[in-house]
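The values are calculated or read from the model by the stated rules, or taken from the named source; none is laboratory data. No experiment lies behind these values; they were computed from the predicted model shown. Note that we place each Cβ from the backbone using ideal geometry, even for glycine, and neighbour counts take in every protein chain shown. Surface accessibility is based on the protein's heavy atoms, side chains included, excluding ligands, DNA and RNA. Shrake-Rupley method; radii C 1.70, N 1.55, O 1.52, S 1.80 Å.
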Amino acid sequence: MKALLWFVLAVAVVVNAFSSLTLDGATEIAVSITTGVAVIGSITALVLTREKHS
């Protein structure tokens with residue numbers, strides 16, 4: 001599960017960077033929103049599923 005979350009995070013960051021350089025207008029906005037939601041969701045899930053070291 002964590003490996004998938006890390007993969008989604010990495011892919012979303014790369015796609016967001018690539019779209020910022022290559023796309024224009026509404027397409028760039030749509031891709032940025034989608035990848036932003038994926039990044040926030042995967043980071044949230046990774047934080048919630050981390051092992052607590054006490």
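At-a-glance table
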item: Pairwise label distance in nanometres, VAL37 with THR49, each label 7 Å out on the Cα-Cβ vector; result: 2.0
item: Value of [θ]222 nm, deg cm²/dmol, for the chain, DSSP H segments ≥ 4, -39500 (n - 2.57) each, nearest 500; result: -29000 deg cm²/dmol
item: Correct choice for P(r) over Cα pairs in 10 Å bins from 0, in percent that was computed from the model, options (i) 26, 58, 15, 0; (ii) 26, 43, 22, 8, 2; (iii) 22, 49, 25, 4; result: (ii)
item: Accessible area of the chain belonging to carbon and sulfur atoms, whole % at 1.4 Å probe; result: 74
item: Per-peptide average of other Cβ atoms within 10 Å, ordering 15-24, 33-42 highest first; result: 33-42, 15-24
